[in-house]
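Following: one structure in structure tokens, then a few remarks.
Read the figures in this text as sums done on the coordinates, not as results from a lab. Model, not experiment: these values are computed from the prediction. We place every Cβ from the backbone using ideal geometry, glycine too, and count neighbours over all the protein chains shown.
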Amino acid sequence: MSSTDSTAPSAELSPEEAAAIRTNLDEVASKAASAAEASGRTSADVKVLLATKTQPADKIRVAIEHGFTLIGENKVQELVGKADALADLAHEAHLIGPLQKNKVNHTLRHAHCIQSVDNLELATKISKRLDFLDDTVGCFVQVNTSREDSKSGIAPEDAEALVAELRGFPRLQLRGLMTIGLPGQSAEEIRPSYAALRELSESLIAAGVLPAEATELSMGMSNDFELAIAEGATMVRVGSSVFGARDYT
Ligand SMILES: *Cc1c(COP(=O)(O)O)cnc(C)c1O
């Protein structure tokens, strides 16, 4: 591991840096609340999950202590690497990046929810491991609403079959659907993807395929979370607007 490994303890966080994170959090929360109200809902209807990839545990700690207890990691390695440093804080860790089958065991040790379930083989593997652990996990079906980047997410037309299969895995507690816009898309370019996810969710619930309580829609990032809320998001995933630009060096 190099010294720039994001899971390594960083230099002590200054009071100014911590204060900036709190200010950013308050701003995101207030914008999310306004957007929720504008769409006829309340702030309680929209959760803010923090996308914490590359961010050191001490910054995440500031956010959790400020009341933002939903944390999303993209990489299993980061999820595992920061878990000990955050273990004393009540929070809910989600995996929001792609999951390889060989990382399922590590993931289940630390994640409360897996937002990237997009194929039956993966779901089967998770379910078998949960049988062994006698445990459950929350999950979202990730849908590739933009259709262009085929790397992750199931095609919208195949989502119904996957959701139906998941009903056979009671240890996977389906909370709803998740989507990611293509990087570099403008807010207006991304909007149809968010509308499509909401429409898919509504039609799968109406058809009795998606359980009636699995109403979550995880969509929207720093650049477009207000628009995602306007389209029905119940959970937005924000990173850079809270923690600043990511350092990938
Ligand atoms: C990084 C990331 C986000 C947040 O992106 P920002 O633009 O930093 O807010 C949301 N969802 C996923 C899956 C991500 O990887």
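Some observations on this one:
- Most to least packed among 27-35, 210-218 [average Cβ atoms within 10 Å]: 210-218, 27-35
- Using the average count of surrounding beta-carbon atoms within 10 Å as a protection proxy, the listed peptides 61-71, 38-48 rank, highest first, as 61-71, 38-48.
- Between the C-alpha center of the range 23-61 and that of the range 103-180 there is a gap of 24 Å.
- Counting only residues at least eight positions apart within a chain, or on another chain, the lysines with an alpha carbon under 20 Å from that of K151 are K53, K75, K101, K103, K125.
- Positive dipole terminus of the range 15-243, leading residue within A90, V48, V143 (C-beta point charges): A90
- Anchor K82: aspartates and glutamates whose Cα lies under 19 Å away (excluding residues fewer than 8 positions away in-chain): D5, E12, D58, E65, E73, E92, D247
- Per-residue [θ]222 nm for the chain (sum of -39500 (n - 2.57) over DSSP H runs n ≥ 4, rounded to 500): -13000 deg cm²/dmol
- Gyration tensor (alpha-carbon) shape descriptor, the chain, a/c threshold 1.5: oblate
- The range 42-137: relative contact order as a whole-number percent, Cα under 8 Å and 6+ apart: 22
- Placing +1 on each Lys and Arg Cβ and -1 on each Asp and Glu Cβ, with no other charges, gives the range 15-243 a dipole about its Cα centre of roughly 580 debye.
- Global form of the range 1-145, assessed from the alpha-carbon gyration tensor, a/c cut-off 1.5: oblate
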